[in-house]
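Below is one structure, written out as structure tokens, with a few remarks after it.
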Amino acid sequence: MTIRAAVIIPAAGFGTRMNLDRPKQFLLLAGIPVLVRAIRPFLAESRVRRIVVAAPAERLAETRALLDGCGLDESRVQVVAGGRRRQDSVRAGLDALGEDIDVVLVHDGARPLVSAELIGRCLQAAIDHGAAIAAVPVKDTLKRGDEQSQVSATIDRRHLWQAQTPQAARRELLEKAYAVNGDRDVTDESSLLEQAGIPVTLVAGAEENLKITRVEDLDVAQRLLTGGGAAALRIGHGYDAHRFTENRPLILGGVEIPHSHGLAGHSDADVLTHALCDALLGALGRGDIGRHFPDSDGRYAGISSLVLLRRVMEMVVEDGFVVGNADITVVCQRPRLTPHVPAMGEALAAACRVDSAVINIKATTTEGMGFTGRMEGIACHAVVLLQQQRD
Ligand code: MG
């Protein structure tokens, strides 16, 4: 029998515990939004026919744009309005499914490190037994505390498990559980199944399948992704120089800077962004910017160098790397660049999909010496460190 499974991702919860201006699943983890990382492994499971994301009602367009930007278009991932409670979001997801779906997997939008193997195990257990959840045995000794933070009891941890997601069930069982108990407040789908008397099988989860609930969890997740070791580091250096010319805007780090002269070049001649691109390509061992975007190619005439940087970043992600940090030194006698450094940092960080703290920009003069000192042009040096991701 051909199994047709669907995945519902409840992602309507707001990051109130993290004190954020946006939901935690929209945050970037090693350059890719947490939500996108939580979805991608399901695309590798051939039995999954449909993925429905239940997003905050006021952020539907933003969620759609975020997924589209990462190649998860509507043919693969549908976005619907979620509800106030997690179970309301899952209900909204269930309502959006076609009748051909036999098995439903529910997965937290804030669990970005789920593996394809774990997904396969949960799905198979639901097919075999009706309902299944990923869970890990409790390792620490459990204490019950009273209101004065005094230990009132030690709880026997044998047979205790921490529930994770995916949680999977044959569709008719999950529908039944919602029909019977859908109004009760619960924290996972398994609770509804249990209350409806439906047996739920425990499947060995994974410690690294963590849920991002605090800002520190992002650091832990990033370390797990990159392996944390020095063996997976790559360094790159870039250098570029462009000549001043009249009648062109001066663009540096994607920012237009008021000045009497701009820089000559085939693209927008953004010498800073070029140096950064070359450093990234160098770290990847992929040559230089001239090889990928030759100035003999008319498509690159006048192009914003941020577009080139975004393409280089696609190569970084494709090769399995994350930007650890970048340090950039612009050598320029005039104009004074310091006031523009924050804006340049923001523009480059956005193009690289990293936190702006990861990109450091410095400006220096050469005290009148050399071609930059004579104000013939601007030069720029960049170094980057890339960290390899797992997989
Ligand atoms: Mg150049």
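The values are calculated or read from the model by the stated rules, or taken from the named source; none is laboratory data. Here the structure is a predicted model, which is why all the values come from computation and not from measurement. All Cβ positions, glycine included, derive from the backbone under ideal geometry; neighbour counts span all protein chains shown. To get the accessible areas, we keep the full protein, side chains included, count just its heavy atoms, and leave off ligands, DNA and RNA. Shrake-Rupley method; radii C 1.70, N 1.55, O 1.52, S 1.80 Å.
Looking only at residues in the stretch 63-92 that are closer than 12 Å to VAL36 by Cβ and in contact (Cβ under 8 Å) with a residue 12 or more places away in the chain, the one that is most open to solvent (accessible area, probe 1.4 Å) is ARG76.
Looking at (1) within 14 Å of the ligand (Cβ to nearest atom); (2) in contact with a helix residue (DSSP H, G or I) (Cβ under 9 Å, 6 or more places away or on another chain); (3) of a type in the set (A, V, I, L, M), which is the only condition ILE257 fails? All conditions are met except number (1). Among the residues of the stretch 193-217, those identified as more than 12 Å from ALA134 (Cβ to Cβ), modelled with pLDDT of 90 or more and not in a loop (DSSP other than H, G, I, E, B) are LEU193, GLU194, GLN195, ASP217. Condition check: open to solvent by 20 Å² or more (accessible area, probe 1.4 Å), in contact (Cβ under 8 Å) with a residue 12 or more places away in the chain, outside any helix (DSSP H, G or I) and under 25 Å from ARG214 (Cα atoms). Does GLN162 satisfy that? Yes, satisfied. Consider the stretch 342-391 and keep the residues that are part of a helix (DSSP H, G or I) and either among the hydroxyl-bearing types (Ser, Thr, Tyr) or in contact with a Cys (Cβ under 6 Å, 6 or more places away or on another chain) (or both). The one that is surrounded by the most Cβ atoms within 10 Å (Cβ to Cβ) is THR372.
Looking at the stretch 9-25, can you tell me whether even one residue there is within 15 Å of ILE212 (Cβ to Cβ), open to solvent by less than 10 Å² (accessible area, probe 1.4 Å) and at pLDDT 95 or above? Yes: the stretch 9-25 contains one or more residues that are within 15 Å of ILE212 (Cβ to Cβ), open to solvent by less than 10 Å² (accessible area, probe 1.4 Å) and at pLDDT 95 or above. With a requirement of 2 or more residues that are aliphatic (A, V, I, L, M) and within 30 Å of VAL312 (Cβ to Cβ), the strands (runs of 3 or more DSSP E) lying completely within the stretch 1-101 that satisfy it span 48-55, 77-81.
Residue by residue, here is whether (1) among the aromatic types (Phe, Trp, Tyr); (2) touching a Pro at 6+ places or on another chain (Cβ under 9 Å); (3) open to solvent by 10 Å² or more (accessible area, probe 1.4 Å) holds:
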| residue | (1), (2), (3) |
| --- | --- |
| ASP270 | no, no, no |
| ALA279 | no, no, no |
| ALA283 | no, no, no |
| GLY287 | no, no, yes |
| PHE293 | yes, no, yes |
| SER304 | no, no, yes |
| VAL317 | no, no, yes |
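Of the listed requirements (1) touching a strand residue (DSSP E or B) at 6+ places or on another chain (Cβ under 9 Å); (2) within 13 Å of the ligand (Cβ to nearest atom), ILE303 misses just one: (1). Name the residues in the stretch 263-291 that are in contact with a strand residue (DSSP E or B) (Cβ under 6 Å, 6 or more places away or on another chain), away from the ligand (no atom under 13 Å from the Cβ) and not in a helix (DSSP H, G or I), would you? Scanning the stretch 263-291 gives no hits.
Scan ASP327, ASP297 and give me the residue that is among the charged types (D, E, K, R) and open to solvent by less than 40 Å² (accessible area, probe 1.4 Å).
On the way: ASP327 fails: open to solvent by less than 40 Å² (accessible area, probe 1.4 Å).
Every option except ASP297 fails the conditions.
Can you tell me which residue within the stretch 106-115, out of those that are of a type outside the set (D, E, K, R) and either in a loop (DSSP other than H, G, I, E, B) or at pLDDT below 95 (or both), is nearest to PRO166 (Cα to Cα)?
HIS107
With respect to GLN148, determine if the residue is closer than 16 Å to VAL203 by Cβ and either assigned by TED's automatic domain parsing to the domain that holds ILE32 or not in a loop (DSSP other than H, G, I, E, B) (or both). Against the criterion (closer than 16 Å to VAL203 by Cβ and either assigned by TED's automatic domain parsing to the domain that holds ILE32 or not in a loop (DSSP other than H, G, I, E, B) (or both)), GLN148 does not qualify. Looking across the stretch 249-261 at every residue that is touching a strand residue (DSSP E or B) at 6+ places or on another chain (Cβ under 9 Å) and surrounded by 20 or more Cβ atoms within 10 Å (Cβ to Cβ), the one that is nearest to LEU385 (Cα to Cα) is identified as GLY253. Reported count of residues in the stretch 223-247, each being within 14 Å of the ligand (Cβ to nearest atom) and open to solvent by 10 Å² or more (accessible area, probe 1.4 Å), is 7. Filtering the stretch 168-192 to residues that are more than 20 Å from GLN124 (Cα to Cα) and part of a loop (DSSP other than H, G, I, E, B) leaves GLY182, ASP183, ARG184, ASP185, VAL186, THR187.
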